[in-house]
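Asker: Have a look at this one before I ask anything.
The values are calculated or read from the model by the stated rules, or taken from the named source; none is laboratory data. Predicted model, so just to flag it, every value in this text is computed and none were measured. Here the Cβ is made from the backbone with ideal geometry for all residues, glycine too, and neighbour counts use every protein chain on show. To get the accessible areas, we keep the full protein, side chains included, count just its heavy atoms, and leave off ligands, DNA and RNA. Shrake-Rupley method; radii C 1.70, N 1.55, O 1.52, S 1.80 Å.
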Amino acid sequence: MTGVQTCALPISGDLLVAAGGEPGLVGEAQLWDLRTGKLVRSYLGHRDSLYAARLSPDGKLLATAGYDQKIKLWETESGKELRTLDGHNGPVFDLAFHPSGRIMATASGDRTVKLWSVATGERLDTLNQSQQELYCVQFSPDGRSVAAAGADNRIRIWAISDTAREGTNPLRVSQFAHELPVIRLAYSPDGRTLASAGEDRLVKIWDAETMRIRATLPPQ
């Protein structure tokens with residue numbers, strides 16, 4: 001695989017997912033066993049480079065997405081492609097599974113976050129308040145919120161209902177966060193803290209409830 005764009009460690013910590021590809025030609029995800037250092041399986045099916053690859057909370061599914069605007073769900077063990085999710089009108093830069101594994105969120109260059117049913121591939125809602133491209137998305141550990149950010153330098157947080165159906169996921173926070181695009185978000189395991197990283201070379205630590213800054217790390 002050429003041009004690795006993303007990698008992720010599942011909760012178990014004994015596997016590594018890496019993804020990338022050749023722009024305009026192919027996208028590939030690979031699953032590696034960290035105990036042996038051996039490649040377990042490759043997942044091929046995208047027609048452009050991948051930007052996101054994540055395992056579901058139970059590890060049974062792999063989700064991939066990238067510049068071809070498509071999201072694919074794979075059976076991790078067999079490598080079988082289960083379904084393709086269509087709906088974005090721009091590259092998909094990030095994705096996240098809900099802690100329950102039932103819902104998936106995707107962030108795209110089309111300025112939207114979309115919520116999907118993992119079981120059926122149905123689009124549940126489109127969150128379209130962002131003004132520019134979105135580069136990152138994360139569910140809170142309790143699954144009650146989803147946060148996204150990108151090129152308009154803001155972090156937005158939506159409350160997520162049990163069904164995640166359209167009209168039931170209101171915008172709760174729109175917080176100016178960085179002087180340049182926000183490229184990564186991460187919640188602490190207890191959900192009380194949200195960290196953001198920006199192209200301004202800063203990492204900021206936020207109170208996840210009030211979105212007040214707790215700390216700004218020295219420029220990286």
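Asker: Could you tell me which numbered condition SER56 fails, if it satisfies all but one of (1) closer than 14 Å to VAL118 by Cα; (2) crowded, with 21+ Cβ neighbours inside 10 Å?
Answerer: (2)
Asker: If I go through the stretch 97-141 residue by residue, how many of them are open to solvent by 10 Å² or more (accessible area, probe 1.4 Å), closer than 19 Å to ARG54 by Cα and assigned to a strand (DSSP E or B)?
Answerer: Number satisfying all stated conditions: 7.
Asker: (1) over 21 Å from ALA151 (Cα atoms); (2) at pLDDT 95 or above; (3) in contact with a Leu (Cβ under 9 Å, 6 or more places away or on another chain); (4) open to solvent by 10 Å² or more (accessible area, probe 1.4 Å): which one isn't true of GLY13, the others all being true?
Answerer: (2)
Asker: Among the residues of the stretch 70-89, is there at least one that is in contact (Cβ under 8 Å) with a residue 60 or more places away in the chain, hydroxyl-bearing (Ser, Thr, Tyr) and under 30 Å from ASN169 (Cα atoms)?
Answerer: No.
Asker: If GLY3 satisfies every condition in (1) in a loop (DSSP other than H, G, I, E, B); (2) more than 23 Å from ARG184 (Cβ to Cβ) but one, which is the exception?
Answerer: (2)
Asker: Another question, if that's okay. Please enumerate the residues belonging to the stretch 80-96 that are open to solvent by 20 Å² or more (accessible area, probe 1.4 Å) and of a type outside the set (Asp, Glu).
Answerer: LYS80, LEU82, ARG83, THR84, GLY87, ASN89, PRO91, PHE93
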